[in-house]
1. Here's a check for you: in the range 203-226, which residue that is crowded, with 21+ Cβ neighbours inside 10 Å and either at pLDDT 95 or above or more than 18 Å from the chain's Cα centre (by Cα) (or both) is nearest to residue 264 (Cα to Cα)?
2. Pick from 288, 268, 247: which is over 19 Å from residue 226 (Cβ atoms) and touching a residue at least 12 places away in the same chain (Cβ under 8 Å)?
3. Please indicate, with yes or no, whether at least one residue in the range 260-277 is surrounded by 18 or more Cβ atoms within 10 Å (Cβ to Cβ), touching a strand residue (DSSP E or B) at 6+ places or on another chain (Cβ under 9 Å) and part of a helix (DSSP H, G or I).
4. Of the numbered conditions (1) surrounded by 12 or more Cβ atoms within 10 Å (Cβ to Cβ); (2) at pLDDT 90 or above; (3) not in a helix (DSSP H, G or I), residue 63 satisfies every one except a single condition; which is it?
5. Which of the residues belonging to the range 74-105 are under 30 Å from residue 37 (Cα atoms), touching a strand residue (DSSP E or B) at 6+ places or on another chain (Cβ under 6 Å) and at pLDDT below 95?
6. Determine which member of the set 158, 185 is touching a residue at least 60 places away in the same chain (Cβ under 8 Å) and either within 15 Å of residue 82 (Cα to Cα) or over 11 Å from the mean Cα position of the chain (by Cα) (or both).
7. Working only within the range 243-269, note down all residues that are over 17 Å from the mean Cα position of the chain (by Cα) and within 30 Å of residue 108 (Cβ to Cβ).
8. Residue by residue through the range 167-188, note down the ones that are touching a helix residue (DSSP H, G or I) at 6+ places or on another chain (Cβ under 6 Å) and buried (at least 23 other Cβ atoms within 10 Å of the Cβ).
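The values are calculated or read from the model by the stated rules, or taken from the named source; none is laboratory data. Just so we're clear, the structure is a prediction, and the values are computed from it rather than from any experiment. In this analysis, Cβ positions are derived from the backbone assuming ideal geometry, glycine residues included, and neighbour counts consider all displayed protein chains.
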């Protein structure tokens, strides 16, 4: 069951007493509107990437949309996955993995990320299991194109956990609705919502590393470092918050063994620092952490 991100705020003000208290009424919401908590931070995406967000009722399932036209996921489930608490979890990123298949498949849960493009499905190398898909829907469904491996896991009923409310294209919404998977797809809340969750167990330095505003680059403005992390790094933070007992990372080479270009917004030194922080906190709390690719980047 997902953990809800909801809070009920009760007023502590006493009722006005006739003739003793003069009530001064101010215009309600004058000059300020409060977005739904799960969408806090949306303006940075609108301004930096020229993204347009549409309400679900405006989306026409019979047409395709631009990559920068995305849905406001109001009807979706938001939260962490408390079904992962105390479990051993292997996360397989998009780097090439060799000779680790047996140990990967021995975990309670095996999570594969986004397009799973380097998954060879060789049991001796990168394993054969997948019990949870996680990633950004915008990178696997755009226009009429649906990544074939994602389509396969979505079709066979594998649980889906998308890592941002800001990366759900209208086409991804239509695809999941057609597959009858949208109501059960879990959305990790925005970084603004996760701030209080992380703050419960992170140091001030950890929080500064993750939530400080990144230096302006090209058109990027007002983006926290959290929003610019690699998908796998975000997932590691989320799994830590879920209370997993053992976290093992495979294929997390931070592009050190890849010829793929690195998007200009990423700062791989920050990703490394964040992952080392996850390892430190696991060790401090007696949990197990294994980063298979770490020795390659010393």
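1. Of the range 203-226, the ones crowded, with 21+ Cβ neighbours inside 10 Å are 210, 223, 226.
Within this subset, residues satisfying the condition of being either at pLDDT 95 or above or more than 18 Å from the chain's Cα centre (by Cα) (or both) are 210, 226.
Numbers: 210: 18, 226: 15 Å.
If we take residues in the range 203-226 being crowded, with 21+ Cβ neighbours inside 10 Å and either at pLDDT 95 or above or more than 18 Å from the chain's Cα centre (by Cα) (or both), then 226 is nearest to residue 264 (Cα to Cα).
2. Values: 268 fails: over 19 Å from residue 226 (Cβ atoms); 247 fails: over 19 Å from residue 226 (Cβ atoms).
Just one listed residue meets the conditions, 288.
3. Within the range 260-277 (the criterion being surrounded by 18 or more Cβ atoms within 10 Å (Cβ to Cβ), touching a strand residue (DSSP E or B) at 6+ places or on another chain (Cβ under 9 Å) and part of a helix (DSSP H, G or I)), the answer is yes, since at least one residue qualifies.
4. (1)
5. Scanning the range 74-105 gives 76, 77, 78, 79, 93.
6. Details: 158 fails: touching a residue at least 60 places away in the same chain (Cβ under 8 Å).
Testing whether each residue is touching a residue at least 60 places away in the same chain (Cβ under 8 Å) and either within 15 Å of residue 82 (Cα to Cα) or over 11 Å from the mean Cα position of the chain (by Cα) (or both) leaves just 185.
7. 245, 246, 248, 250, 251, 253, 254, 255, 256, 257, 258, 268
8. Answer for the range 167-188, where residues must be touching a helix residue (DSSP H, G or I) at 6+ places or on another chain (Cβ under 6 Å) and buried (at least 23 other Cβ atoms within 10 Å of the Cβ): 168, 169, 172, 188.
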